[in-house]
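Reading through the structure tokens given below for one structure.
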Amino acid sequence: MPTLAPAPTPIRVACSHCGDACPDQPIRLAARPELRFCCQGCQAVYELLDQSNLCTYYRLDDKPGQKVKNVELPGRFDYLDVESVQSQLLAFRSEALNRLTLSIPQMHCASCIWLLENLFKLNPGITASRVNFLRKELTVSYNPTATTLKEVVKLLASVGYEPQITLAELGAQPHHAGRTLTYQLGLAAFAFGNVMLMAFPDYFSFTEQLQASFGRFFGWLSLLLSVPVLLVSARDFYRSAWQGLRQRYINLDFPISLGLTALFLTSLYDIATGRGPGYLDSFTGLVFFMLIGKWVQQRTYDALRFDRDFTSYFPVAVTLLGPGGQEQSVPVRELRAGQRIRVRHQEIIPADAVLLRGQGQIDYSFVTGESVPVARTSGEVVYAGGRQTGEALELEVVREVSQGYLTQLWNNPAFQKEEKATLETYANRVGRYFVAVTLVLALGAVAYWQLQGQPDMALRAFTSVLVIACPCALSLATPFALGAALRALGRRQLYLKNSGVVETLGRADTIVFDKTGTLTDVKRSAVEYRGPALSPHQQQALAAVVGQSTHPLSQRLAAELPPALGPVESFREVPGQGLTGTVAGLEVRVGSAAFVGMEGSAPAPEAPTTESAATTDGLQSRVYVRVAGAQGCYLLRNVYRAELRPVLAELSRHYRLAVLSGDNDTEQDRLRELFGPQAELHFRQSPQQKLDYIARLRQQGRTVIMVGDGLNDAGALQQADAGIALTDTLTNFSPACDAILDAGSFGQLSTFLKFSQDCLQVVLGTFVLSFCYNGIGLGLAVQGKFTPIVSAILMPISSLSVMVVATLLVRYAAHRCRL
């Protein structure tokens with residue numbers, strides 16, 4: 001009887017969407033028979049993308065899709081329609097726009113990013129979606145009149161990117177990367193300890209009998225312990241290397257993966273053939289020590305990211321209302337639910353709150369991009385990030401300040417400057433070439449030792465070169481040095497947008513100053529009234545109107561007047577001209593002579609156009625007022641900051657200085673004396689003229705710092721390479737700036753800039769240290785002087801030492817500058 005041939009093993013076809021093996025009878029499309037799918041879910045996703053002309057998704061990567069699990073239950077996402085759930089999930093909501101951030105753990109490649117940022121093509125109700133790939137987060141904005149939160153989440157689930165939402169911590173998704181790394185590190189430590197223990201007979205002569213009796217058994221047991229290390233502890237190195245190759249890019253984990261593979265396969269061959277015990281002690285030790293370096297790096301980065309969140313220590317001041325209506329300026333981070341605050345015209349609302357008193361005209365342009373103010377009345381919720389554009393509001397905080405949300409506000413793409421080459425980008429670029437050089441050296445070492453007839457030395461040199469040659473130290477030098485600098489400056493009340501601003505400050509060669517509120521200390525100015533006496537009732541009405549404004553002159557005048565009288569109706573502030581409003585039936589106008597209607601009746605120089613609602617006479621600012629027909633003028637004598645002269649004397653030796661003032665030139669002689677003959681002084685400057693002047697300087701190749709009060713200088717602050725907003729008691733938060741300097745630290749401005757320059761020298765020094773480490777290490781590794789496990793120990797030590805040296809040098813520079 002003839003022997004029947006075994007049935008051929010069926011060839012599994014990969015799913016055209018997710019890449020998983022299809023069943024024996026895959027699902028096909030009648031219109032595209034060449035496509036095969038493993039399940040109905042993958043087919044549905046493909047058809048959905050095809051109908052929306054989004055199949056470019058499949059051209060960006062080969063089989064990039066996520067397998068869609070068939071877990072759709074009736075009403076599964078109904079909880080997202082509950083108001084209490086939405087109020088916790090949504091970071092912002094209005095009639096026309098809702099916004100939230102979701103955790104998408106399935107995100108893994110460029111195709112994912114492309115698809116997730118094109119969700120608006122799948123659902124027209126979605127207006128925008130932006131990916132943060134490193135944190136696996138997706139920020140979605142949608143129109144609540146066109147779609148719902150439930151529909152957005154269902155859409156994400158239907159295309160294989162179901163967001164991770166935990167009701168225990170709505171709106172604050174936990175990040176599990178640190179926990180996974182801990183498990184991987186623990187497994188590697190367990191395996192390394194035991195494999196090293198079983199490798200002792202190979203290292204000591206007095207254990208020869210033990211090796212002869214149990215050596216082969218110890219080898220197989222070590223292999224059994226090493227397999228989980230390869231599959232679990234080392235998988236992130238392989239995953240990262242593979243993703244880089246798929247994007248046609250060799251990253252830092254590629255040579256490490258090669259070294260691990262060489263060690264494991266050689267050990268497997270030696271144990272299987274009985275040639276020897278292999279190098280599994282080196283393999284497990286290599287993974288263990290590299291994970292230690294990765295763990296230290298992640299922990300340090302987490303701390304650095306916290307310190308970079310300026311709101312964690314930034315005293316954005318807000319007016320807190322105490323018993324009896326007493327006002328107190330406090331940092332927003334100290335706000336608690338239930339407290340009452342006052343938000344004036346042009347101030348940012350720092351926390352979600354309920355409107356108690358006043359008519360809200362909230363400008364949410366920083367959040368939505370729409371500049372039309374949204375009306376809010378008593379009892380309605382007002383969200384953090386909006387700017388009040390009318391009368392002062394009284395609000396009750398309902399949710400503590402969302403620090404992360406304010407950080408997003410400051411880093412809104414609408415206020416991003418053009419990208420420039422930085423030390424960090426240089427380091428990353430050098431790192432790419434460094435990997436190529438490492439591979440060439442490793443292969444060269446193999447070739448050399450093979451020609452010398454020493455294959456064992458070839459393997460040692462190959463793996464040692466791949467392991468020890470790590471540009472991590474080079475790439476970590478800049479963020480850790482500048483991150484330490486950011487913390488040092490923060491302790492002295494200079495709060496930076498990010499660590500990159502330190503580098504910009506260190507490279508600057510030109511500083512431009514605003515005048516009123518920047519060079520002058522309005523709080524110390526003497527106030528004198530001229531004109532017919534105002535009744536107490538009229539003075540209280542005047543106090544109520546000027547109290548609505550955040551301008552320094554308005555605040556100084558409000559401090560001199562008696563307590564305000566009642567609410568302000570029909571309040572309006574005309575930029576560069578003045579304020580108007582009605583209090584208890586009394587019409588009040590405050591500002592320049594022309595705005596008030598006193599231009600022909602009061603001797604005064606020409607009114608300013610931008611910087612203050614006043615004119616300047618010698619060293620005096622004039623604020624004209626009209627209250628129910630009674631008119632007069634307040635004279636405020638300008639007092640320059642006490643520390644201005646020494647600061648300018650120091651800066652003039654190293655920088656080109658300039659002044660841009662909206663006032664007239666009556667103080668030109670005094671400013672010329674302070675700034676010196678080389679400084680440029682410009683008066684009667686509109687906001688547009690200030691912006692154009694900064695732009696011209698940058699076109700000339702200069703690196704410009706603009707120092708203003710953040711009120712009328714937003715354009716110039718944005719245009720400058722680094723915009724510093726100076727603040728006294730009340731902070732008019734401006735996302736256009738890159739740094740905010742407390743007025744009490746103005747005298748240290750030159751010290752701050754000198755410290756920034758020192759930090760750049762520290763970064764260059766750490767670059768040199770990193771190159772020295774790698775040069776010495778590679779030279780010894782090529783000669784076979786290092787074993788792989790020694791290289792694995794030295795690699796994280798070199799990276800850690802660079803981080804420590806950078807931090808210590810920056811702290812020493814801060815100590816030397818007395819910061």
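The values are calculated or read from the model by the stated rules, or taken from the named source; none is laboratory data. Nothing here was measured: the structure is a model prediction, and the numbers come from that model. Methodologically, a virtual Cβ is constructed for each residue, glycine included, from the backbone with ideal geometry; neighbour enumeration extends over all protein chains shown.
Listed values, structure above:
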item: Qualifying residues in segment 610-630 (those that are assigned to a strand (DSSP E or B) and more than 28 Å from D669 (Cα to Cα)) - the one modelled with the lowest pLDDT; result: A630
item: Residues within segment 59-86 that are at pLDDT 60 or above, out of contact with any Lys or Arg (no Cβ under 8 Å at 6 or more places or on another chain) and not acidic (D, E), tallied; result: 6
item: Residues satisfying the stated conditions in segment 666-685, i.e. surrounded by fewer than 15 Cβ atoms within 10 Å (Cβ to Cβ) and over 36 Å from the mean Cα position of the chain (by Cα); result: Q668, D669, R670, R672, E673, G676, P677, Q678
item: Scope segment 332-367; condition more than 22 Å from F571 (Cβ to Cβ), surrounded by fewer than 21 Cβ atoms within 10 Å (Cβ to Cβ) and in contact with a helix residue (DSSP H, G or I) (Cβ under 9 Å, 6 or more places away or on another chain); matching residues; result: R333
item: Qualifying residue in segment 597-609 (condition: modelled with pLDDT of 80 or more and out of contact with any Pro (no Cβ under 9 Å at 6 or more places or on another chain)); result: yes
item: Scan of segment 779-803 for residues that are of a type in the set (A, V, I, L, M) and either at pLDDT 85 or above or more than 36 Å from the chain's Cα centre (by Cα) (or both), ordered by number; result: L780, A781, V782, I789, V790
item: Complete set of residues in segment 519-544 that are modelled with pLDDT under 85 and under 42 Å from the mean Cα position of the chain (by Cα); result: T520, D521, V522, K523, R524, S525
item: Test: residue in segment 707-718 that is assigned to a strand (DSSP E or B) and under 21 Å from V502 (Cα atoms); result: yes
item: Cβ-Cβ under 7 Å pairs, at least 6 apart or on other chains, segment 620-632 side free of Cβ contacts under 8 Å to residues at least 60 places away in the same chain, far side small (G, A, S); result: R622/A604; R622/A614; Y624/G591; Y624/S592; Y624/A593; Y624/A602; R626/G597
item: Selection count where residues are over 20 Å from T580 (Cα atoms), of a type outside the set (D, E, K, R) and surrounded by fewer than 18 Cβ atoms within 10 Å (Cβ to Cβ), scope segment 616-639; result: 3
item: Residues located in segment 344-367, provided they are among the hydrophobic types (A, V, I, L, M, F, W, C) and in contact with an Asp or Glu (Cβ under 8 Å, 6 or more places away or on another chain); result: A351, A353, V354, L355, L356
item: One residue from F752, F733 being at negative phi, touching a strand residue (DSSP E or B) at 6+ places or on another chain (Cβ under 9 Å) and at pLDDT 85 or above; result: F752
item: Residues of segment 448-487 that turn out to be within 17 Å of T266 (Cα to Cα), hydrophobic (A, V, I, L, M, F, W, C) and modelled with pLDDT of 80 or more, as a count; result: 6
item: Subset of segment 133-150 that is outside any strand (DSSP E or B), of a type in the set (V, I, T) and touching a residue at least 40 places away in the same chain (Cβ under 8 Å) - its residue that is nearest to V45 (Cα to Cα); result: T148
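So that you can scan it fast, the table gives a plain yes or no per residue for (1) crowded, with 16+ Cβ neighbours inside 10 Å; (2) assigned to a helix (DSSP H, G or I); (3) at pLDDT below 85; (4) touching a helix residue (DSSP H, G or I) at 6+ places or on another chain (Cβ under 6 Å):
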residue: Q106; (1), (2), (3), (4): yes, no, yes, no
residue: C112; (1), (2), (3), (4): yes, yes, yes, no
residue: L115; (1), (2), (3), (4): yes, yes, yes, yes
residue: V152; (1), (2), (3), (4): yes, yes, no, no
residue: Y161; (1), (2), (3), (4): yes, no, yes, no
residue: P174; (1), (2), (3), (4): no, no, yes, no
